[in-house]
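Reading through the structure tokens given below for one structure.
The values are calculated or read from the model by the stated rules, or taken from the named source; none is laboratory data. Remember, predicted model here, so these are calculated numbers, not experimental data. Quick reminder, even Gly has a Cβ in these numbers, built from the backbone with ideal geometry, and neighbours come from all protein chains shown.
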Amino acid sequence: MHFAPSETPEIVYCRDERFRLMIPNETLQTRITEIGSAINEEYDGKNPIFIGLLNGSFIFMADLIRNVTIDCEMDFIKLSSYGAEKISSGQVTEKKGLDAKIAGRHVIVVEDIVDTGLSMRYILEQMAHHQPASVKVVTLLHKPDATRENVQLDWVGFSIENKFVLGYGLDYGQLGRNLAAIYVLDEVS
């Protein structure tokens, strides 16, 4: 993957597998702006705290925060359910917990992708123990066909097919996060 950061090639390779462009950066930014506007309206005067799930959500969260014009704070949690694989292991491991105190606060959980929903269910259960005033979820991507846990997703950037995706924070064994767009594994190569 050697190309300028501003380039959005139609095809990229990661770990010797071919990926094709699925969602260009311009489309991502348009949708993120819409979500930011909805959050601004809903949380005006409430100073919400955004809790990003590392590592995948960091690019999405950075762009989302730049579209939030109200007072807000942020923190991060790190979970793992994939390792270096292309499918969830089904086991959620917490690698970094909350630093912020969220009791009585309005919390917005920021996720890059919800597929099985196991990680999101885990994080929502953990949040409930801290007694926040409210908890809402924003995810850039959702795979409805892969979802096994019924979790409330308040803002969804894009619903996508149950296919392996890469880029814009999403990785394949830690590679590919730096791609400016979302790519899908090209199974017809």
Check your understanding: Restricting attention to segment 66-80, and to residues there that are under 17 Å from the mean Cα position of the chain (by Cα) and part of a loop (DSSP other than H, G, I, E, B), which single residue is nearest to V107 (Cα to Cα)?
Key -> V68
Exercise for review: State which residue pairs qualify: first residue among the acidic types (D, E) and inside segment 146-168, second residue assigned to a loop (DSSP other than H, G, I, E, B) in any location, beta carbons under 6 Å apart, and separation of 6 or more residues or different chains.
Suggested key: E149/G117
Revision key, fill the gap. Reported set for segment 106-136 where residues are among the polar types (S, T, N, Q) and closer than 24 Å to D71 by Cβ is Q131, S134
Check your understanding: Within segment 92-115, which residues are outside any strand (DSSP E or B), touching a helix residue (DSSP H, G or I) at 6+ places or on another chain (Cβ under 6 Å) and either among the hydrophobic types (A, V, I, L, M, F, W, C) or surrounded by fewer than 20 Cβ atoms within 10 Å (Cβ to Cβ) (or both)?
Key -> V92
Exercise for review: Would you check if Y172 is at pLDDT below 95, surrounded by 13 or more Cβ atoms within 10 Å (Cβ to Cβ) and in contact with a strand residue (DSSP E or B) (Cβ under 7 Å, 6 or more places away or on another chain)?
Suggested key: yes
Check your understanding: Just checking, how many residues over segment 148-158 are of a type in the set (V, I, T) and over 15 Å from the mean Cα position of the chain (by Cα)?
Key -> 0
Review point. (1) within 16 Å of the chain's Cα centre (by Cα); (2) of a type outside the set (D, E, K, R); (3) farther than 27 Å from S37 by Cβ; (4) not in a strand (DSSP E or B): which one isn't true of I123, the others all being true?
Key: (3)
**Study point:** Identity of the residue in segment 11-55, among the small types (G, A, S) and in contact with a Phe, Trp or Tyr (Cβ under 9 Å, 6 or more places away or on another chain), that ends up surrounded by the most Cβ atoms within 10 Å (Cβ to Cβ)
**Key:** G52
Point to revise | Pairs where the first residue, in segment 170-186, is more than 19 Å from T30 (Cα to Cα) and the second is at pLDDT below 95 and among the acidic types (D, E), C-beta under 6 Å, 6+ apart | key: R177/D171
Exercise for review: Among residues belonging to segment 145-169 that are assigned to a loop (DSSP other than H, G, I, E, B) and of a type in the set (V, I, T), point out the one that is surrounded by the fewest Cβ atoms within 10 Å (Cβ to Cβ).
Suggested key: T147
